[in-house]
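Asker: Handing you this structure, nothing more for now.
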Amino acid sequence: MTLPDMHRAEAIPEAARSEIERLLQTGDLFRYTAASDAPVSLLEAEFAQMMGSRYALAVSSCSAALFLSLLALDLPKDARVLIPGFTFAAVPSSVLHANCQPVLCEVGDNYRIDMDDFAAKLTDVNAVIISHMRGHTSDMDAIMALCDAADIPVIEDAAHSLGTLWHDRKIGTIGKIGCFSFQSYKMVNAGEGGILITDDADLVARAIIMSGAYEHNWKKHPGVAEACARWQNKLPLYNLRLNNLSAALVRPQLAELPRRVADGLRNHDYVAARLNASAYINVPAPLGPETRAPDSIQFNTVGLDDDAIRAFAAASAAAGVKVQVFGQSADNARAFWNWQFIKDLPELPQTRKMLMSACDVRLPVHLKIDDLDAVVDVLLGAIAAVTNAEAA
Ligand SMILES: *Cc1c(COP(=O)(O)O)cnc(C)c1O
């Protein structure tokens, strides 16, 4: 039984080659050089169409998209932005970068936002970022009802949720702005890159200009001339553009997305069913309206203390499967207590408890059933070794 390479990415589709060769031949890498149809512009048009959004703006990362989204909302100075206590450190960082204050709310042991804490903290914030962490969708019905009633804008951090549905709606299209990542560990891989989508012309016009559409480069973005003209020379330029090579890598992958999403979900659910048969493991169920698009699996250990959890992760690693326990590894970027760049960092007891037992295993969508069985056998073997040792 051989273990798959859990970090190998899927090959970039062959179709990218001729376009990349053309770009290499012409040196036409900057998105605003060509008079029209630059790869970045084509990607924006295709992505917006795929998502059913009016506008898309491709940028250098999802973090850049979140930062520009906050700026484009034109929030008051020192605005407070509610974010989940379980997210990637780049999210509170983008809030600070936009001169706003992150406000952290509790996350439950199903990795989703705790709605009681969310409602309580919503009374004192100016904007909300919902991180669908590891593609787990929080209760968007409840979140949008509360935020709409309070007239608070919602940014969806859908970095890791491309292809996820909530009811029949695409995640990233429910809030005012949706932000996605093309970093290599996400569903579409350009090494680095990001994109934001919205239906709001004024908002995207501001983001376009600040992303680095200096002078009249915004004229290469369709449907926003009036709004961009209004903001001409009034906004700083942060130069967070995507380059044509990255767009050429992404574009042919969009056609692969439905297959990747279907395979990812099949793989996840297969592994979840086998793991859930263990009394020591619980894979939380998705929320009712959610159709997931996972490329990794998260599960909680049941009845294991910290020493046993660490022993489980060590035994899995020794047998060839890396298990990240978010709260048990030093300096983990997803453990809120490591975000010490935040002033007056709060304690979140419920989120901390979840992070101390939540395990994370990559499941690249290209894995086959044999690969999955090999991975699960290692995980269950490691659980058995640890729990037998405890019982002895
Ligand atoms: C990957 C990720 C980010 C950051 O994306 P980058 O493109 O690397 O900036 C932000 N939020 C979540 C939930 C992520 O998974």
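The values are calculated or read from the model by the stated rules, or taken from the named source; none is laboratory data. If you're wondering where the values come from, they're calculated on a predicted model, not measured in any experiment. So basically every Cβ, Gly included, is an ideal-geometry build from the backbone, and we count neighbours across all protein chains shown.
Asker: List every residue pair whose Cβ atoms lie under 7 Å apart, where the two residues are 6 or more positions apart in sequence or sit on different chains, the first residue falls within segment 190-201 and is over 22 Å from residue 154 (Cα atoms), and the second residue, located anywhere, is within 10 Å of the ligand (Cβ to nearest atom).
Answerer: Once the first residue is over 22 Å from residue 154 (Cα atoms) and sits in segment 190-201, its partners that are within 10 Å of the ligand (Cβ to nearest atom) give 190/182; 191/184; 192/60; 192/61; 192/182; 192/183.
Asker: Next up: From (1) away from the ligand (no atom under 16 Å from the Cβ); (2) touching a residue at least 12 places away in the same chain (Cβ under 8 Å), pick out the condition that doesn't hold for residue 116.
Answerer: (2)
Asker: As an exercise: evaluate residue 11 against (1) surrounded by 15 or more Cβ atoms within 10 Å (Cβ to Cβ); (2) in a loop (DSSP other than H, G, I, E, B); (3) small (Gly, Ala, Ser) and give the number of the one condition it does not meet.
Answerer: So residue 11 meets the others, but not (1).
Rundown of residues vs (1) at pLDDT 95 or above; (2) small (Gly, Ala, Ser); (3) part of a loop (DSSP other than H, G, I, E, B), yes/no style:
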{"site": "343", "(1), (2), (3)": "no, no, yes"}
{"site": "346", "(1), (2), (3)": "yes, no, yes"}
{"site": "350", "(1), (2), (3)": "yes, no, no"}
{"site": "359", "(1), (2), (3)": "yes, no, no"}
{"site": "374", "(1), (2), (3)": "yes, yes, no"}
{"site": "386", "(1), (2), (3)": "yes, no, no"}
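Asker: Residues of segment 146-190 being under 14 Å from residue 253 (Cα atoms), of a type outside the set (Phe, Trp, Tyr), near the ligand (Cβ under 10 Å from one of its atoms) and assigned to a loop (DSSP other than H, G, I, E, B), which ones?
Answerer: Once the filter is applied, which keeps residues that are under 14 Å from residue 253 (Cα atoms), of a type outside the set (Phe, Trp, Tyr), near the ligand (Cβ under 10 Å from one of its atoms) and assigned to a loop (DSSP other than H, G, I, E, B), segment 146-190 yields 183, 184, 186, 190.
Asker: In addition: Kindly indicate the residue of segment 361-372 that is of a type in the set (Val, Ile, Thr) and not in a helix (DSSP H, G or I) and also nearest to residue 189 (Cα to Cα) among those meeting that condition.
Answerer: 365
Asker: Can you tell me which residues in segment 104-124 are farther than 28 Å from residue 265 by Cα and surrounded by fewer than 22 Cβ atoms within 10 Å (Cβ to Cβ)?
Answerer: Scanning segment 104-124 gives 116, 117, 119, 120, 121, 122, 123, 124.
Asker: Out of (1) within 16 Å of the ligand (Cβ to nearest atom); (2) touching a residue at least 40 places away in the same chain (Cβ under 8 Å), what's the single condition that is false for residue 8?
Answerer: (1)
Asker: Please work out which residue is surrounded by the most Cβ atoms within 10 Å (Cβ to Cβ), limiting yourself to segment 78-94 and to residues that are away from the ligand (no atom under 12 Å from the Cβ) and modelled with pLDDT of 95 or more. Spell out how you get there, then give the answer.
Answerer: Of the residues in segment 78-94, the ones away from the ligand (no atom under 12 Å from the Cβ) are 78-82, 85.
Among the residues that remain, those that are also modelled with pLDDT of 95 or more are: 79-82, 85.
Working: 79: 17, 80: 17, 81: 26, 82: 25, 85: 29.
Per the stated criteria, the residue is 85.
Asker: Looking at segment 191-202, which of its residues are within 15 Å of the ligand (Cβ to nearest atom) and under 22 Å from residue 72 (Cβ atoms)? Give the steps one after another, and end with the answer.
Answerer: Taking segment 191-202 and keeping what is within 15 Å of the ligand (Cβ to nearest atom), we get 191-197.
192, 193, 194, 195, 196, 197 - these are the residues of segment 191-202 that are within 15 Å of the ligand (Cβ to nearest atom) and under 22 Å from residue 72 (Cβ atoms).
Asker: Just one of (1) surrounded by fewer than 22 Cβ atoms within 10 Å (Cβ to Cβ); (2) away from the ligand (no atom under 16 Å from the Cβ) trips up residue 213, so point out which.
Answerer: Exception for residue 213: condition (1).
Asker: Can you name every one of the helices (runs of 4 or more DSSP H) wholly within segment 232-341 that holds 1 or more residues which are surrounded by fewer than 17 Cβ atoms within 10 Å (Cβ to Cβ), among the aliphatic types (A, V, I, L, M) and free of Cβ contacts under 8 Å to residues at least 40 places away in the same chain?
Answerer: On the way: elements: 244-254, 257-276, 306-318.
Qualifying helices (runs of 4 or more DSSP H): 257-276, 306-318.
Asker: Determine, yes or no, whether residue 38 is surrounded by fewer than 17 Cβ atoms within 10 Å (Cβ to Cβ), more than 16 Å from the ligand (Cβ to nearest atom) and either of a type in the set (Gly, Ala, Ser) or within 24 Å of residue 187 (Cα to Cα) (or both). Full working, then the answer.
Answerer: On the way: surrounded by fewer than 17 Cβ atoms within 10 Å (Cβ to Cβ): no; more than 16 Å from the ligand (Cβ to nearest atom): yes; either of a type in the set (Gly, Ala, Ser) or within 24 Å of residue 187 (Cα to Cα) (or both): yes.
No; evaluated as a whole, the condition is false for this residue.
Asker: Could you list, ordered by first residue, the pairs with Cβ atoms under 6 Å in which the first is in segment 25-39 and of a type in the set (Asp, Glu) and the second is not in a loop (DSSP other than H, G, I, E, B), at least 6 apart or interchain?
Answerer: Within 6 Å, no pair qualifies.
Asker: Quick check: anything in segment 137-144 within 19 Å of residue 47 (Cα to Cα) and within 16 Å of the ligand (Cβ to nearest atom)?
Answerer: Checked against the condition, which is being within 19 Å of residue 47 (Cα to Cα) and within 16 Å of the ligand (Cβ to nearest atom), segment 137-144 yields no hits at all.
Asker: Could we say that residue 319 is in contact with a Pro (Cβ under 6 Å, 6 or more places away or on another chain) and of a type in the set (A, V, I, L, M) here?
Answerer: Values: in contact with a Pro (Cβ under 6 Å, 6 or more places away or on another chain): no; of a type in the set (A, V, I, L, M): yes.
No, not satisfied.
Asker: Of the conditions (1) within 27 Å of residue 241 (Cβ to Cβ); (2) out of contact with any Leu (no Cβ under 7 Å at 6 or more places or on another chain), residue 180 clears all except one; give me its number.
Answerer: Tallying (1) within 27 Å of residue 241 (Cβ to Cβ); (2) out of contact with any Leu (no Cβ under 7 Å at 6 or more places or on another chain), residue 180 fails exactly one: (2).
Asker: Considering 44, 19, which residue is touching a residue at least 60 places away in the same chain (Cβ under 8 Å) and touching a Lys or Arg at 6+ places or on another chain (Cβ under 8 Å)?
Answerer: Selected residue: 19, the only one of 44, 19 that is touching a residue at least 60 places away in the same chain (Cβ under 8 Å) and touching a Lys or Arg at 6+ places or on another chain (Cβ under 8 Å).
Asker: Okay, moving on. Starting from segment 157-178, take each residue that is within 20 Å of residue 61 (Cα to Cα) and list its partners that are buried (at least 24 other Cβ atoms within 10 Å of the Cβ) and acidic (Asp, Glu), counting only C-beta distances under 6 angstrom and pairs at least six apart or across chains.
Answerer: 172/156; 175/156; 178/156
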